[in-house]
Amino acid sequence: MKYLLLLLTSTVCLAQITPFQSSPDLIWKNIESNNFEVIFPDFLESKAKQTIELLEYYRLPVTGEYKKLPGKLKLVIRPDMNVPNGFVTLAPRRSEWFNYSSITPIVGSLEWMQSLAIHEYRHIVQYDFLNQNYINWGYKLFGEGFLGLIINYVMPTWYFEGDAVFAETILSDGGRGRSPRFAERLRAILSSGKIPSYDQLLIGDYTDNLPSFYVYGYFLITAGKKRFGADIWKNIAQYATNHPWNIYAFYNGFYDNTGVRFETFFDETFAKLASEWKIAGTVTDHQEYHEETFPFITDKGNYYLRKNLNSYWMLTKDGKKLTELNIIPSISQVDLKDDSFLYSQQLPDQRYLFKGSSDLFLYDIKKEKHQRLTENKRYYHPKFTPNKKQISAIKFDDKDGFRLALLSLDGTELKTFKKDKNENIAEASWLDKNKVAMITLNKEGKKLLQVLDTSNETRETLLAPTRNNLYNLKPYKNFIYFEADFKGKVSLFEYDYIKRKLSLCLEPAIGAHTPFKYKNKLFYSEVNSNGQKIKAIVTPCDEMPLDLFSVEANYSSKGSSDFFHKKPPVTLNRKKIKKVNSPFKDYRDNHELLSPHSWQFFSDRGFELNATSSNTLGTKSLNLYLGSSYETSSLSLIHI
């Protein structure tokens with residue numbers, strides 16, 4: 001009786017504010033199918049429908065060898081982020097995708113939502129598969145809070161990400177495993193004879209930039225399947241669910257299923273890669289790891305960006321530091337004209353974690369002064385116009401789409417150019433005062449090289465749609481220089497806009513980036529075992545047939561990561577995507593609070609029933625504490 005009285009007289013109180021939210025002015029809706037619920041802002045109805053249909057299409061293929069179809073998934077499409085990403089998490093169980101597009105090559109060359117439909121859903125498959133046997137007992141006792149802890153306790157992080165990259169590679173024609181850029185750093189290290197140990201990769205290294213767990217995880221997953229069969233990692237995960245108390249469950253499970261110690265497997269896998277990737281002459285002339293990129297060669301001096309393991313990116317002139325920059329060059333390019341350096345900076349919102357900006361800044365080299373040009377906008381790949389009096393940039397508008405914008409030097413937006421509803425503009429650079437060379441993305445995520453005449457907004461296509469990862473356009477007179485994949489390496493190309501001729505300028509040992517033509521030399525950033533270094537070659541380049549450039553076998557062949565397992569590309573068959581005809585509804589954020597996702601029976605005062613529920617958007621949470629005293633019995637409601 002006394003416990004009932006305590007519950008009836010429990011207190012209600014506001015809890016602390018959480019930053020894990022989107023802007024409060026968004027109006028949220030949802031659409032449901034048998035297996036998915038997509039929650040989205042009201043202006044993304046078309047994208048939400050496309051997404052839920054992609055998820056239904058990939059549900060069986062992504063489940064693959066695990067053969068345990070996941071339960072219904074809730075997905076949130078967050079519209080206000082400034083960097084590409086997506087994740088799966090628990091408490092409550094859900095996936096969250098940032099509305100974006102593949103305007104940089106770091107995520108491969110797939111359409112953005114297609115890539116996430118494979119990669120992130122594979123994580124759901126992993127999580128649900130691991131929720132069995134003894135791990136499921138723990139889940140029943142403590143809920144998703146315990147589940148999120150234990151699955152990362154028994155399986156290494158590289159397994160989750162490597163397996164997801166493997167899925168996006170074999171189930172598509174443009175996943176990261178098919179991109180030489182993805183494995184470039186690993187290839188550079190191994191080809192020089194430096195093979196990191198497993199412990200180094202797990203812990204990191206203060207003296208070197210080691211490949212991420214996405215990269216080495218992908219190669220370990222691939223090698224394991226190739227050597228021991230398609231079910232090997234599923235069987236190891238099964239072993240882990242039966243031995244979750246064992247911190248070595250993963251490694252014991254590997255030996256139990258293969259008869260080989262994991263350390264031996266790791267050493268043999270990387271030794272084989274090193275042998276296949278061995279390249280003569282990769283010993284570099286600098287020993288401390290550093291990166292040099294984006295060369296700008298002028299009569300006044302040689303400018304480029306530089307970074308080591310103990311610094312931010314720095315703008316340098318003739319090797320001397322001018323200023324430090326808090327930028328991400330892999331997400332947004334930079335430009336320089338005379339004494340003005342133009343860049344964008346990715347900035348967080350002061351209140352909401354799921355909101356950010358990518359604002360334009362100008363650095364005056366003579367005055368040594370930074371000037372912020374825009375406020376709370378999302379601009380990428382800024383470039384000066386030929387007359388140096390205006391700026392163009394790729395604008396991610398407030399609704400949905402990347403388009404070309406024109407701004408004054410004080411950051412005032414003057415014009416945005418029209419775009420087709422089925423395309424996004426990835427980047428643009430000026431050929432002359434009226435014409436702009438552009439990389440555009442069609443609805444399938446394939447890239448086109450086009451020229452826009454800004455005087456009448458007409459277009460001309462120079463290179464047909466391709467999965468080849470074009471990037472970094474740098475016009476010079478009637479030439480357009482850019483980087484793209486060729487024979488498994490990021491190489492440098494030249495397109496003669498007048499003669500309509502494509503040429504290969506450089507097929508590097510490992511990789512070459514950020515071309516810049518000055519007089520008769522082509523400057524670029526060369527990938528080597530100790531980072532990246534600015535180099536130069538004397539042009540001309542060698543002409544090649546246009547169709548040779550776009551054939552998949554030519555740009556993703558031996559030397560890229562994909563050749564390691566030699567799976568043929570799988571093209572998305574859009575004719576087989578089944579329509580989801582469910583109605584769009586207003587999202588109700590209260591009904592989820594009646595389904596606790598985590599609970600426990602202990603507290604710092606002894607025994608206590610503690611249950612927590614949260615809505616998917618992170619705007620409301622309900623906590624119930626039931627104990628043997630007034631202090632440990634309360635009802636807490638977060639409503640923000």
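In degrees, nearest 10, range 0 to 90: what is the angle between the Cα axis of helix 45-63 and the longest Cα principal axis of the chain? Relative to the chain, helix 45-63 is tipped by roughly 80 degrees.
The value given for region 58-210 is a Kirkwood hydrodynamic radius of 17.2 Å, derived from the mean inverse Cα-Cα separation.
Around the Cα centre of region 88-146, unit charges on the Cβ atoms of Lys, Arg, Asp and Glu (plus for the first two, minus for the last two) sum to a dipole of about 160 debye. Ligands, DNA and RNA are left out, and with a 1.4 angstrom probe the accessible area of the chain is 43 Å² per residue.
On a 0 to 90 degree scale, rounded to 10, what angle separates helix 249-258 from the longest Cα axis of the chain? The angle comes out at about 70 degrees. Counting Lys and Arg as +1 and Asp and Glu as -1 over every other residue whose Cβ lies under 9 Å from the Cβ of Phe341, the net charge comes to -2. For Asp25 and Val260, what does the FRET efficiency come to when R0 = 56 Å and r is the distance between their Cβ atoms, rounded to the nearest 0.05? That pair, Asp25 with Val260, gives E of 0.50. Pairwise inverse Cα distances across region 167-323, averaged and inverted, put the Kirkwood hydrodynamic radius at 18.5 Å.
With the cut-off at under 15 Å, measuring from each backbone N in region 135-168 to a point 7 Å along the Cα-to-Cβ line of Glu276 picks out 166. Summing +1 for each Lys or Arg and -1 for each Asp or Glu among the other residues whose beta-carbon sits under 15 angstrom from that of Val88 gives -1. For the listed peptides 260-266, 209-215, 297-303, 549-555, a ranking on the average number of other beta carbons within 10 Å per residue, highest first, reads 209-215, 549-555, 260-266, 297-303.
In whole angstrom, region 363-413 maps to an equivalent ellipsoid with semi-axes of 22, 13, 8, each derived as √(5λ) from the alpha carbon gyration tensor and ordered largest first.
Between the Cα long axis of helix 262-277 and the first principal axis of the chain there is an angle of about 20°, rounded to the nearest 10.
Backbone geometry of region 353-370 corresponds, through the Karplus equation with coefficients 6.51, -1.76 and 1.60 at θ = phi - 60°, to 3J(HN,Hα) couplings of 5, 8, 7, x, 10, 9, 9, 8, 10, 10, 10, 8, 5, 5, 7, 6, 9, 9 Hz, x marking Gly and Pro.
Ranked by solvent-accessible area (1.4 Å probe, protein heavy atoms only, all chains present), the residues Tyr206, Tyr134 order from largest to smallest as Tyr206, Tyr134.
Size descriptors for region 473-516: radius of gyration and Dmax over Cα atoms are 10.3, 31 Å.
When peptides 415-422, 124-131 are ranked by their average number of other Cβ atoms within 10 Å per residue, the highest-first order is 124-131, 415-422.
Taken about its Cα centre, the chain carries a charge dipole of roughly 1180 debye when the Cβ of each Lys and Arg holds +1 and the Cβ of each Asp and Glu holds -1.
For the chain, carbon and sulfur atoms together expose 52% of the accessible surface, with a 1.4 angstrom probe and every protein chain in place.
If you plug the beta carbon distance of Glu444 and Ile498 into 1/(1 + (r/R0)^6) with R0 = 30 Å, you get a FRET efficiency near 0.50. Distance between the modelled labels on Asp589 and Val538, one decimal in nanometres: 6.5 nm (7 Å Cα→Cβ projection).
Within region 475-551, all pairs of alpha-carbon atoms sorted by distance into 10 Å bins from zero give the percentages 20, 54, 24, 2.
Between the amide H of Asp173 and those of Val570, Leu572, distances stay under 5 Å, these residues lying 5 or more places away or on another chain, with hydrogens modeled in the peptide plane. One quarter of the convex hull surface, Cα atoms only: what value does that give for the chain in nm²? Projected area, direction-averaged: 30.6 nm².
The values are calculated or read from the model by the stated rules, or taken from the named source; none is laboratory data. Please read all numbers here as calculations on a predicted model, not as lab measurements. So basically every Cβ, Gly included, is an ideal-geometry build from the backbone, and we count neighbours across all protein chains shown. Accessible surface areas use protein heavy atoms only, side chains included; no ligands, DNA or RNA. Shrake-Rupley method; radii C 1.70, N 1.55, O 1.52, S 1.80 Å.
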